[in-house]
Structure formats: structure tokens, C-alpha cells
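A short write-up of the structure that comes next.
All of the numbers you see were taken from the coordinates with simple rules; none came from a lab. Values in this document were obtained by computation on a predicted structure and should not be read as measured data. Ideal geometry is used to build each Cβ from the backbone, glycine not excepted, and the neighbour counts take in all protein chains shown.
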């Protein structure tokens, strides 16, 4: 570790100068030799560095958004080459190159602040060795050695010998308890930051190398820092714990205010937005209007969370507009309740037989020929052919003259009125 820290010795002077400037401010409040003065100086150094790294953080967010925008194409590549992992990786790398997306951009903030981390480690190691460095002169060196954080000297380590700890006016038990607690907190905050990113702010419907990278960081980084932490001075542990807490808070802000499309965080955000819009019947901020505008612009390409949001607006009688505002709409309510506006029902098409039967009945009702035609049908059965009718007529008369009134045969369903043409012998019945 000392060898690696020595590579960044060129930046130790700026780092030590920043710490001294903050120490002069906090020393006037808490006393120059207190752990609060030196500890808060290190915390302020972290905050200053992280503020300077905000542009890199914005770049990281944009790169993450580009990765999310590529999710459909990545999914298509996975489906197309699901049996050829090598070709799948080649197509993924080609897609990254064409779109200018870097999957490793999430590591940029860590890589950018590593020189400051090692420079601070180098400064604290020199303080523990009673050597001046940068702008820290003899008087500041003695003040830093007297500073204790919860009983542990600023330059003490978990692995220090009892003699070295006693030279710093502290006990080995206090040093190990404080450093162990800080190492656990440092690793836990690192793990939680990556875990909330994986569980809440990643679209889990698509498996990508980006997700594998984040999962690796979630499990490997806490273990690495836990192992390395036993060799970190207390001041460096304060630095790394502070930067982890900053990262965790920054990540929570991004997840709550600008979640990844398709993630659980987006679902929670849109549910909160839906509740606010339905209560006030309007979108009350420009940023939220931009969110609604982006959802409307997607059209049929909306994900499940966005479709639920639009449906929730419709159930509340509201419709999202292309400019991000909402208006009251009765049509939206009808569509949300299970269908569009009721359409005019067309009459059911009847068969030809029913149409002919109905037209025959209407013609008979409108133009009766005589009284018998409108009388009720007779209940008497027809006499068999060739027999004598009850009226006393001959068999020939019965065949030649049809019975009046009810005896007149009605056409069958689907049959023409009047005399029927005889069927051809070869035709089927």
C-alpha cells in the first residue's frame, strides 16, 4: 500500500494544503488538537472532492441512461444469438462502439478519486511516522498526532503493534474496536449502495453485461475494502466511510427522482406522481411535466410501469397531453373501465329462409284474398290421396282442387311460393 501511495506523492501537497485550511476553520471552533477538528477536515476534503466530481457523476448517469436505451436492441441480440455466446458478445461490443456507450462508466467516480485517496493515505502514514509532508510542518504534525477519534489516533491502524499505538498515546483495544466498527460500516454502506442499484434501479427484464458488472461490484467491492481496511489508518477510514455515505445518498436521490425506465424505482415514482396528479388534477412542476411528456411521446413503446400510469390517469378521468399536462376526459374514463365509447349495434343478419318466411307472412297479413285466407287454420287432418273428403266430394275433386283455408299447404322454410319445379332424379335431397 505504501508503494502504491508513493506513486501519487505529487498530489500530496495539494491534499495536505486543503486539510490544513479546513483545520484552521474547525480548530477555531473545537480546538486545534481535537479529533473533531482533524476528522471534520477530512470529511470536508471528501465533500469538496465529490463536488468536483459531479460532472463525472452526470456523465455516469447519462451513460447509464444510454445503456437503458439500448436494452431492446440488447434483448434482440440475446434472442437472435442465444445459442452462440461468443457471437452474442461480439454483437454487444459492436453495439457499444456504434452508440459510444461505455459499460464501465459507472467506475469513473471511483477511479477519479483514487489519487486523492492514496495521497491522503500517504499524508497520514507520514504523520504516523512523525515525518512532515506537504504543508504540514512540525507544529501541525504534533497537533495531528494528538488528535483522537473516539479514542483512536488519526494515524493508527488495526494492524499496528501495541508499542506503536502507545507511542500515539492510545490503547490497542480502543484502536481495534474503532477501526473494526468503521470497516464494517464502510463495507456495509458499499454493499447497500450497489444492492439498491441492482434491486430498484435496473430493468431486470433484460440480462446484459452491465448487470453482471453491477452484481460483481455488489459482492466483490465490500469484501475487497473489508480486507484492505485493516491496513488503513483511522483518517483514511473516515475518508472512505464518508465517500461511501455520500455515494449512497447520491444514489438514493437519483433513484427517487430520476429512476431507470422499467425498474421498480420507476414504478414507485410513477405511483407517487399519479397520486399527486389525481389529487390536484394537474402536473405541478416542470420536471414532472417533462416526465409525462416523455411517456406520452413513447406511444405504444411504453413499458409496463408507464402503461399503468396512463391507465391510472384514465380511471381518474384525466388524459395526458403531448406537452406534459393533463386534462379531464370522459372518454378516458370509458376506456379505462373496460372499453371504448359504445358503438352502434348492427342488426343480426338473417338467413335467406327466415327472410323469405318473414316476407311471406307480411304479404299475407297486408293483402288477404278472402275471408278464408285470414281465418284460422283448420284443425282437421287432410284426407289421404284418393280417398273421399268429409264434405262428400269425390277423390278426383279432392286431387284437382286444393282445400280452402287451412287445407291450403304453406311453403316450407326456404321454399319458393307457388308451384315447385320437380327435382332432377340425380339431385340430392
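Miscellaneous remarks
- Two-site label geometry, residue 325 and residue 297: point separation in nm, points 7 Å out along Cα→Cβ: 1.9 nm
- Legend: P(r) of the stretch 264-336 from all alpha carbon pair distances, 5 Å bins from 0, whole percents, reading 3, 19, 30, 31, 15, 2, 0.
- Paramagnetic label zone (point 7 Å from Cα along Cα-to-C-beta, residue 245; backbone N under 18 Å) in the stretch 134-148: 148
- Spin-label model, residue 282/residue 83: points 7 Å from Cα along the beta carbon direction are separated by 6.0 nm.
- FRET efficiency, residue 61 to residue 275 (Cβ-Cβ, R0 22 Å, nearest 0.05): 0.30
- Rounded to the nearest 0.05, the FRET efficiency derived from the C-beta distance between residue 135 and residue 112 at R0 = 25 Å is 0.60.
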